[in-house]
């Protein structure tokens, strides 16, 4: 099998015997399966054509421009909502659909909501992984496995959290055997070396960051190294590459939201990467990064403006007041009770209770219908509508330019 990665050489097909197992009870007989093994990336001096260099340079500049947005306005409050939006959108691509209000209420109340639990775990995985990169960690197989364990924490479906897959998987077709699959990834015995090779590639610095993120993501999805959660971890990998290269600052661009807006194009581009050409995934990633950067900048400014509106409604609380401290933290934790308010502000129960009452009186906070053992819960007014409008604007079909026809 060739290890080159250039036009017309994308990998090789290997035939393996697939045996039915307890994990696939509906299958009836063994099958000979053609598995696609992508070409290695790490050891190639010039792994990719740079004919799209100008486009990727523009995408890199758009992402790096978020640093200027951060300096120009007080936008730190948008960091957590943007991270949540990325995780929510990435989960939605996989069919895990819920809104920000439902997620926030489920987290605040601690009540069982399976979808909210899975999406909240994705939020945790994205946040933890970015912190690891910020702390100087390298992108390694071990890191990806750790984040996979966070992503699938608490699941009971037997998807081997934190471990590379030990069985053959496939995409499309029957759930019981790979006979009608759209795509069959590499055999399990090749997965570890392919992921190690990918991580070496992800540590390079000799190409535009957005180009590197596109290739890393497409290669990861082609390897499909886990029994479940590949899409979410693969999109997280793209963010890790961008963060390691310094292309994204504090504000996390909602890349998955842009990919959600171009979902059909996204699926087609991944399939093309494996067999016919890399340009579709390159163009899509460049476009998606620019859309996500624009979206992050707009949401950061809109949240800062909403906080100023809250301050005006509350009569411009003193800078050292509990009310001001709550206004600063509400975008991060939009549903609170008295205990959460105390934790967020570091103030006494009395000060927090007075602040909550003050913000309720001027419609910055509203009591929710849900309660917890500690008492009533309150949600911020205007933030969820702002997030819904943001995701409608940047996550709807047409938000990302159509593919270039060549």
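Brief remarks on what is shown
- Residue 259 passes every criterion in (1) at pLDDT 95 or above; (2) over 19 Å from residue 93 (Cα atoms) apart from (2).
- Set 138, 128: member being within 17 Å of residue 243 (Cα to Cα), surrounded by fewer than 21 Cβ atoms within 10 Å (Cβ to Cβ) and under 18 Å from the mean Cα position of the chain (by Cα): 128
- Residue in the stretch 347-406 that is modelled with the lowest pLDDT, counting only those that are in a strand (DSSP E or B) and within 24 Å of residue 79 (Cα to Cα): 377
- Test: residue in the stretch 335-343 that is in contact with a strand residue (DSSP E or B) (Cβ under 9 Å, 6 or more places away or on another chain) and in a loop (DSSP other than H, G, I, E, B): yes
- When 219, 212 are checked against the criterion of being surrounded by 17 or more Cβ atoms within 10 Å (Cβ to Cβ), within 30 Å of residue 61 (Cβ to Cβ) and at pLDDT 95 or above, 219 stands alone in meeting it.
One line per residue, one yes/no per condition, for (1) in a helix (DSSP H, G or I); (2) more than 21 Å from residue 171 (Cα to Cα); (3) within 14 Å of the chain's Cα centre (by Cα); (4) at pLDDT 95 or above:
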site: 227; (1), (2), (3), (4): no, no, no, no
site: 242; (1), (2), (3), (4): yes, yes, yes, yes
site: 248; (1), (2), (3), (4): no, yes, yes, no
site: 294; (1), (2), (3), (4): yes, yes, no, yes
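- A single entry from 225, 187 fulfils the requirement of being closer than 26 Å to residue 34 by Cα, crowded, with 24+ Cβ neighbours inside 10 Å and assigned by TED's automatic domain parsing to the domain that holds residue 263: 225.
The values are calculated or read from the model by the stated rules, or taken from the named source; none is laboratory data. As the structure is a computational prediction, the values presented were derived from the model and not from experiment. Don't worry about glycine lacking a Cβ; one is built from the backbone with ideal geometry, like all the others, and counts go over all protein chains shown.
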